[in-house]
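Bear in mind that the values in this text are calculations on the coordinates, not laboratory data. Computed from a prediction, not measured in an experiment: that's the story for all the values here. Here the Cβ is made from the backbone with ideal geometry for all residues, glycine too, and neighbour counts use every protein chain on show.
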Amino acid sequence: MKHITCIEDLRQRHMRKVPKAFFDYADRGSYAEETLRANRDDLAKIKFRQRILVDVSRRDLSTTILGEPASLPLILAPVGLTGMQYGDGEIHACRAAQAAGIPYTLSTMSICSIEDVAANVAKPFWFQLYVMKDRGFIKALIERAIAAKCSALVLTVDLQVIGQRHADIKNGMTVPPEWSLSKLFDFATKPAWVAGVLRGKRRTFGNLMGHLKGTDDITSLGAWIATQFDTTLNWKDVDWIRSIWPGKLVLKGILDFEDANEAAKSGAQALVVSNHGGRQLDGAPSTIEALPEIVDSIGDKMEIMFDGGIRSGQDVMRALALGAKSCMIGRAYIHGLGAFGGPGVEKAIDIIRNELATTMGLCGVNTIAEIDDHVLAI
Ligand SMILES: Cc1cc2nc3c(=O)[nH]c(=O)nc-3n(C[C@H](O)[C@H](O)[C@H](O)COP(=O)(O)O)c2cc1C
């Protein structure tokens, strides 16, 4: 892996190793992908102040996330179908995060189930919740997360209706993957993926199978979500979830300061400024554009996390400088996983860690707590 120097290198290899339908599922965004692009473009516009002759020999990236120590201000975001990028992908990604000393978030739409991941990793992880119409199932799912000793519940609030991702329709993305004539050639050129995923024992939605009707026959993910996800979801449901979940609660998918103010009253400990990685409301602002107003309006009433477009340690530094306490990454680690499995996730985290340490050094900063807008050239 010594020639892998940045996340883009992992992305290129991910593209070569994983069938197009699954690579595109991870890589692409909704509709015209304006928001997907804005997430990256707006981060890149933010420039640093280069500072010199500051003793930066004591750089320390450690911090706390939801009150727990973390080796750097980074979290692996919930990513559906992770186990379709690499066999048992959720277990590999969770182990890599735990080895690196950062939190891992398991998606409701994971391939490996909560129980499966819990049985195969050393420490507690976070669980991400999508709310579906079948509330009995949702209550049971939260109870399963409690039984598995998950250390935080991440309630995703920006996917009541699903943004269309053209690539998924064009690629005929299905779960489990179907052998079709058009896919045969693609699969034939990806033998490692076929061996790990298609011949693996986990190939469908681990948390839903056997618990929710219709999950054994999901021909179109988008259409299935449209029938199952609860469009009535509202702030009262957050109270209902709080009444079942006794632990730390994170609201993920906030992009507007009024919603952030509401979130601060909800009893949740943290929020994630997120537009779902440009996969939902196309035409929404980039997350880095939305971040400062949210930080200003809620101050320290809640812990503010950030995601969307993070591909480097420089990007983490930018989000921290604008007031985020930590960042989630989605695609950055999925590219590592698709490229090399667990070691690829470790590599992605290492790349970001090293880039952040160097950026801090060149900006004359030794600790995460010192990072604020003084490091920016504006
Ligand atoms: C392939 C893929 C699947 C995702 N699945 C979920 C999910 O199941 N639950 C969720 O809350 N967010 C999901 N997200 C959004 C991520 O948690 C995160 O907000 C986003 O990836 C951040 O942007 P980035 O990929 O540019 O880092 C998904 C993102 C991707 C790329």
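Given H placed 1.01 Å from N in the peptide plane, which residues other than close sequence neighbours of residue 154 have an amide H under 5 Å from its amide H?
Hits under the 5 Å cutoff: 127, 128, 129, 250.
Using just the Cα positions, wrap the chain in a convex hull and report its mean projected area in square nanometres, one decimal place. Let's see the in-between values first.
On the way: hull surface 70.5 nm².
Mean orientational projected area (the chain, Cα hull): 17.6 nm².
When the dipole is taken about the Cα centre of region 1-128, and only Lys, Arg (+1) and Asp, Glu (-1) are charged at their Cβ, what size is it in debye, to the nearest 20?
620 debye
Mind listing the phi-derived Karplus ³J(HN,Hα) values for region 3-10, rounded to whole Hz, using 6.51, -1.76 and 1.60 with θ = phi - 60°, and x for any glycine or proline?
In residue order, the calculated couplings are 8, 8, 10, 7, 4, 4, 4, 5 Hz.
What is the magnitude of the charge dipole of the chain about its Cα centre, with +1 placed on the Cβ of each Lys and Arg, -1 on the Cβ of each Asp and Glu, and no other charges, expressed in debye to the nearest 20?
1180 debye
Name the shape class, rounded, prolate or oblate, that the alpha-carbon gyration tensor gives for region 290-347, where a ≥ b ≥ c are the square roots of its eigenvalues, rounded holds for a/c under 1.5, and otherwise prolate holds if a/b is larger than b/c and oblate otherwise.
prolate
If you average the sequence gap of Cα pairs under 8 Å that are 6 or more apart and divide by the length of the chain, what percent do you get for the contact order?
29 percent
Around residue 327, which amide H atoms from residues at least 5 apart in sequence, or from another chain, sit under 5 Å from its own amide H, with H modelled in the peptide plane?
Under 5 Å from the amide H of residue 327: 74, 75, 306.
Can you tally the net charge around residue 59? Count Lys and Arg as +1, Asp and Glu as -1, for every other residue whose Cβ sits under 15 Å from the Cβ of residue 59.
Details: positive: 51, 58, 353; negative: 55, 60, 355, 370.
Local charge sum for residue 59: -1.
Can you give the Kirkwood hydrodynamic radius of region 248-378 from its Cα pairs, in Å with one decimal?
15.4 Å
With a ≥ b ≥ c taken as the square roots of the eigenvalues of the C-alpha gyration tensor of region 41-165, please select rounded if a/c is under 1.5 and otherwise prolate if a/b is larger than b/c or oblate if it is not?
Since a/c reaches 1.5 and a/b is larger than b/c, the shape of region 41-165 is classed as prolate.
If each of residue 211 and residue 15 carries a label point 7 Å out from its Cα toward its Cβ, how far apart are those two points in nm?
Simple spin-label model gives 3.6 nm for this pair.
Of 236, 149, how do they rank once you tally other Cβ atoms within 10 Å and put the fewest first?
Ascending number of Cβ neighbours within 10 Å: 236, 149.
Among 245, 85, 194, flag the residue with its Cα farthest along the positive direction of the charge dipole of the chain, charges on Cβ as +1 for Lys/Arg and -1 for Asp/Glu.
Positive-end residue among those listed: 194.
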